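Q: My questions will all concern the structure given below.
Derivation of every value follows stated rules applied to the coordinates shown; laboratory data play no part. Bear in mind that the values here come from a model prediction, so they are computed numbers and not experimental data. Glycine gets a Cβ as well: all are built from the backbone with ideal geometry, and neighbour counts include every protein chain shown.
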Amino acid sequence: MGNSASMNALFSGDIRFHLEGGEGGMGLVQNDLARDPGLETAVLISLFSDRRADLEDALPDSSKDLRGWWGDATLEDKIGSRLWLLSRSKIEDATNTDAEIYAKEALAWMVEDGVADSVAVAVSRTGTYTLSLDVVITRPKGARDITFKYFFNWESQAMRQGH
């Protein structure tokens, strides 16, 4: 079976959610859900879950659906991001700025909760329908920084490229 230290590492952390080829999913390891001892799952949920829109936000369609997780109605902390509001936007400088604001807002909990000393996000246009989100999380107490790169595509939503 292996030693207890490797077994504890194997089954510790959050359930691992991953993006591959534009699709998200979970996997199995030794008949249990794979775990993420790092921050990948937390970053994915923070960025690509639909946070409830603020009442003053312009919605991308006429549905009046503010989306979001039902718990956002009662909790002070919000889950996810408002990146979904950009789904019908033209990719312009203002769109890049909004995407950066939404991504930083979605990841701010990491600094507030002491998971990170800082979170930096850089957004750039990489194609007609695609933005690149570069995220650098500076960990506390000298732990190594963690870098994630995502492509946010209006047609296939999010895709991840290495970290």
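Q: Are there any GluC sites (Glu not before Pro) in the range 32-81 that are in a DSSP loop and have at most 12 other Cβ atoms within 10 Å? List them by number.
A: E56, E76
Q: Moving on to the next point. Just to compare against my own numbers: the Cα pair-distance distribution for the range 29-163, 5 Å bins, whole % per bin, please.
A: Calculated P(r), rounded to whole percents: 2, 10, 19, 22, 19, 15, 9, 4, 1, 0.
Q: Using a simple spin-label model with points 7 Å from Cα along the Cα→Cβ vector, what separation in nm is obtained for R88 and S62?
A: Each label point lies 7 Å from its Cα, and together they span 0.9 nm.
Q: Can you pull the one-decimal nm distance between simple spin-label points at D113 and A73, each 7 Å off the Cα toward Cβ?
A: In this crude spin-label approximation the distance works out to 2.3 nm.
Q: Could you calculate the contour length gain from T138 to N31, that is, 0.36 nm times the residue separation minus the distance between their Cα atoms, to one decimal place in nm?
A: The T138-N31 span can extend by a further 35.2 nm.
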